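Dumping the structure here so I can ask a few things about it.
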Amino acid sequence: MGELRCAAELAQPMSRLARWWFAPAPPERLAALRIAIGGFAVLWMIARLPEVVSVARLPAAVFAPVGVIRVLGAPLPVIAVAAIAVATVGLLVAFTAGLGYRVTAPLAAIGLLWTLAYRSSWGMVFHTDNLLVLHVIALALAPAADAWTIRRGAPARAAPAAGYGWAIKLLAAITCAAYLLAGIAKLRLAGLSWLDGGQLRNQIAVDNLRKALLGGTVAPLARFLVSHPDGLAVCSLLTMGIELGAPLALLGGRFARIWAWGAWWFHAGVVLAMNVWFPYPLAGVAFLPLIEAEHLVGWPARWWRSRGMRAARAR
Amino acid sequence: MAHAVVDVTARDGRWVATIVSIGLVGATLAPVLRAPDDDGFPLSTFPMFATPQPAQVAMSYARGVTRDGRVRVLSPDHLGTGEVLQAFALIQRAVDRGESARLALCTAIAGRVAADAADAADRDVVEIRLVAGMHDAVDYLAHGAVGREVTWASCDVPRSSRSR
């Protein structure tokens, strides 16, 4: 009898969680995320191609495989690395356009994962790429090509049984999980002393020292912040608040918008203090799953159509 | 009967979506079970700016030296990468591996400097030095104070008679 009561009590919050996770959403919202994230991935891969080829030419002695690249015992020939990267760009274009999605999306995700993991397998893991890869993988497993695709004459697809909302929640949850982990890492490695501003001052100083000595560009506010560290405790608290508070963004609405803006300003601050760029969040794409993305992504098409309609009325 | 088929289909669809969701969110969060500095890709602990950092730093870097003894900061491109942190990792690895690795890296950098005809600023560099420095990062940035430096390895930049 007690077990039955326990099961019944557990079923209620689980049922509420399921209703929230599977809350309906229009297919256009998921499609907008496919277009924005896929489009960013195409541009990012094209911009990274010279560097991917450049690191592939590094000596084998510095090859330190991470993630899926651990299956390799030795570096690949440069031509193979370049071919995979170029093919990935093509697949990502098809992914973004929603063409042959059931085939191109998983292949694009695998190509992106492989290429960017290979780039991180030479002594340094690039944390600018993690969230993009995880989002593309999630989209490849979701019905993200049921709207806004370049597919002439194809019959409209029936909505999938699970709907589209869960995939959007999944993308948002991955974003929030990444920031939460960053906050937890700071507490685990540095403890509460990370909050007093002293650690942040040293991080800013050491990061910019490296840039100064290795031919990079010192951040515009670095010297000022290091010389006037009084406000850095507040910056540390705000950083920790954004990272540990990331799960609150899953509540949606105003919580999500405030958190997304806070996280964006955090990244802007990192550029000004350390000249460290995280383009995916800085472009806003990392936070799109938290808002109604179809209004933003669909705006250019609606504006173009409204121009055509105004011109037709004028004639 | 058709209603039951739709119900089963709906249940199956949700189960698949649930498994995918738990799998991906679980995989993203799983690194929290590892040591915080045990990084990976794309599943990471995201330890950026997290490691306690003293202001006193020992690090190795490359320098170009001109014929008249002036010292130049080289770009990460001369180490075969566009990224400062990757250049840092490459130099540290070579330094840790010993004398022959340091000399090999020095020679590789010298070759790239010689071949970099587009960079007029480095055309008068005749020697490459791999240097170890001990600096106070706060003093360096705030006051320009340079710490102690020691040379690990040095090598000449091969120049054709036309480029001298």
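Restricting to segment A:263-288, name every residue that is over 19 Å from A:LEU225 (Cβ atoms) and not β-branched (Val, Ile, Thr).
Residues of segment A:263-288 that are over 19 Å from A:LEU225 (Cβ atoms), as a first pass: A:263-264, A:279-288.
Of everything in segment A:263-288, those that are over 19 Å from A:LEU225 (Cβ atoms) and not β-branched (Val, Ile, Thr) turn out to be A:ALA263, A:TRP264, A:PRO279, A:TYR280, A:PRO281, A:LEU282, A:ALA283, A:GLY284, A:ALA286, A:PHE287, A:LEU288.
Taking the condition more than 22 Å from B:PRO52 (Cα to Cα), in a helix (DSSP H, G or I) and among the hydroxyl-bearing types (Ser, Thr, Tyr), does A:THR239 pass? So that I can check it myself, show each step before the final result.
Details: more than 22 Å from B:PRO52 (Cα to Cα): no; in a helix (DSSP H, G or I): yes; among the hydroxyl-bearing types (Ser, Thr, Tyr): yes.
In short, no.
Considering only segment B:68-90, state which residues are crowded, with 20+ Cβ neighbours inside 10 Å, in a helix (DSSP H, G or I), hydrophobic (A, V, I, L, M, F, W, C) and within 8 Å of another protein chain (Cβ to nearest Cβ).
Going residue by residue through segment B:68-90, those that are crowded, with 20+ Cβ neighbours inside 10 Å are B:74-76, B:78-81, B:83-84, B:86-88, B:90.
Adding the requirement that they be in a helix (DSSP H, G or I) leaves B:76, B:78-79, B:84, B:86-88, B:90.
Checking the rest, the ones that are also hydrophobic (A, V, I, L, M, F, W, C) come to B:79, B:84, B:87-88, B:90.
Of everything in segment B:68-90, those that are crowded, with 20+ Cβ neighbours inside 10 Å, in a helix (DSSP H, G or I), hydrophobic (A, V, I, L, M, F, W, C) and within 8 Å of another protein chain (Cβ to nearest Cβ) turn out to be B:VAL84, B:ALA87, B:PHE88, B:LEU90.
Kindly provide the set of residues from segment A:127-146 that are of a type outside the set (Gly, Ala, Ser) and open to solvent by 10 Å² or more (accessible area, probe 1.4 Å), ordered by number. Please lay out each step first, then the result.
Keep residues of segment A:127-146 that are of a type outside the set (Gly, Ala, Ser), which gives A:127-137, A:139, A:141, A:143, A:146.
A:HIS127, A:THR128, A:LEU131, A:ILE137, A:LEU141, A:PRO143, A:ASP146, listed by residue number.
Further question: Exactly one of (1) more than 12 Å from chain B (Cβ to nearest Cβ); (2) open to solvent by less than 20 Å² (accessible area, probe 1.4 Å) is unmet by A:THR149. Its number?
For A:THR149, the failing item is (2).
Let me ask another. With the condition kept exactly as written, say whether any residue in segment B:18-31 is more than 7 Å from chain A (Cβ to nearest Cβ), open to solvent by 10 Å² or more (accessible area, probe 1.4 Å) and in contact (Cβ under 8 Å) with a residue 40 or more places away in the chain.
Kept after step one, since they are more than 7 Å from chain A (Cβ to nearest Cβ), are these residues of segment B:18-31: B:18-19, B:22-23, B:26-27, B:30.
Narrowing further to those that are open to solvent by 10 Å² or more (accessible area, probe 1.4 Å): B:18-19, B:22-23, B:26-27, B:30.
Narrowing further to those that are in contact (Cβ under 8 Å) with a residue 40 or more places away in the chain: none.
Within segment B:18-31, not a single residue is more than 7 Å from chain A (Cβ to nearest Cβ), open to solvent by 10 Å² or more (accessible area, probe 1.4 Å) and in contact (Cβ under 8 Å) with a residue 40 or more places away in the chain.
Only one of these conditions is not met by A:GLY73: (1) more than 14 Å from chain B (Cβ to nearest Cβ); (2) modelled with pLDDT of 95 or more; (3) surrounded by fewer than 16 Cβ atoms within 10 Å (Cβ to Cβ). Which number is it?
(2)
Which residues, counting only those in segment B:32-49, are out of contact with any Pro (no Cβ under 7 Å at 6 or more places or on another chain) and either at positive phi or in contact (Cβ under 8 Å) with a residue 12 or more places away in the chain (or both)? Spell out how you get there, then give the answer.
Residues of segment B:32-49 that are out of contact with any Pro (no Cβ under 7 Å at 6 or more places or on another chain), as a first pass: B:32-35, B:38, B:41-42, B:46, B:48-49.
Listed by number, the residues that qualify are B:VAL32, B:PHE46, B:PHE49.
Also, quick follow-up: Considering segment A:183-234 alone, what residues qualify as being among the charged types (D, E, K, R) and either free of Cβ contacts under 8 Å to residues at least 40 places away in the same chain or more than 7 Å from chain B (Cβ to nearest Cβ) (or both)?
Taking segment A:183-234 first, the residues among the charged types (D, E, K, R) are A:186, A:188, A:196, A:201, A:207, A:210-211, A:223, A:230.
Matches in segment A:183-234: A:ARG188, A:ASP196, A:ARG201, A:ASP207, A:ARG210, A:ARG223, A:ASP230.
Being within 10 Å of chain A (Cβ to nearest Cβ) and in contact with a strand residue (DSSP E or B) (Cβ under 7 Å, 6 or more places away or on another chain) is the filter; apply it to segment B:105-145 and report the residue that is most open to solvent (accessible area, probe 1.4 Å).
Narrowing segment B:105-145 to residues within 10 Å of chain A (Cβ to nearest Cβ): B:105, B:108, B:131, B:133, B:135-144.
Within this subset, residues satisfying the condition of being in contact with a strand residue (DSSP E or B) (Cβ under 7 Å, 6 or more places away or on another chain) are B:105, B:131, B:133, B:135-137.
Numbers: B:LEU105: 26, B:VAL131: 9, B:GLY133: 5, B:HIS135: 1, B:ASP136: 42, B:ALA137: 0 Å².
Checked segment B:105-145; the qualifying residue most open to solvent (accessible area, probe 1.4 Å) is B:ASP136.
Can you tell me which of A:ILE37, A:ILE46, A:ILE79 is β-branched (Val, Ile, Thr), open to solvent by 60 Å² or more (accessible area, probe 1.4 Å), at negative phi and in contact with a helix residue (DSSP H, G or I) (Cβ under 7 Å, 6 or more places away or on another chain)?
Values: A:ILE37 fails: open to solvent by 60 Å² or more (accessible area, probe 1.4 Å); A:ILE79 fails: in contact with a helix residue (DSSP H, G or I) (Cβ under 7 Å, 6 or more places away or on another chain).
Going through A:ILE37, A:ILE46, A:ILE79 in turn, just one is β-branched (Val, Ile, Thr), open to solvent by 60 Å² or more (accessible area, probe 1.4 Å), at negative phi and in contact with a helix residue (DSSP H, G or I) (Cβ under 7 Å, 6 or more places away or on another chain): A:ILE46.
Something else about it: Just name the residue that is least open to solvent (accessible area, probe 1.4 Å) out of those in segment A:282-296 that are part of a loop (DSSP other than H, G, I, E, B) and of a type outside the set (Asp, Glu). Spell out the reasoning first.
Step one: list which residues in segment A:282-296 are part of a loop (DSSP other than H, G, I, E, B), which gives A:283-284, A:291-292.
From what is left, the residues that are of a type outside the set (Asp, Glu) are A:283-284, A:291.
On the way: A:ALA283: 65, A:GLY284: 22, A:ILE291: 57 Å².
Only one residue tops the list, namely A:GLY284.
Residue-by-condition table, conditions (1) of a type in the set (Val, Ile, Thr); (2) in a loop (DSSP other than H, G, I, E, B):
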| residue | (1), (2) |
| --- | --- |
| A:ARG19 | no, no |
| A:ALA25 | no, yes |
| A:GLU28 | no, no |
| A:ARG34 | no, no |
| A:GLY38 | no, no |
| A:MET45 | no, no |
| A:SER54 | no, no |
| A:VAL68 | yes, no |
| A:ALA80 | no, no |
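The values are calculated or read from the model by the stated rules, or taken from the named source; none is laboratory data. These numbers come from a predicted model, not from an experiment. We place every Cβ from the backbone using ideal geometry, glycine too, and count neighbours over all the protein chains shown. Heads up: the accessible areas ignore ligands, DNA and RNA and are worked out on the full protein's heavy atoms, side chains in. Shrake-Rupley method; radii C 1.70, N 1.55, O 1.52, S 1.80 Å.
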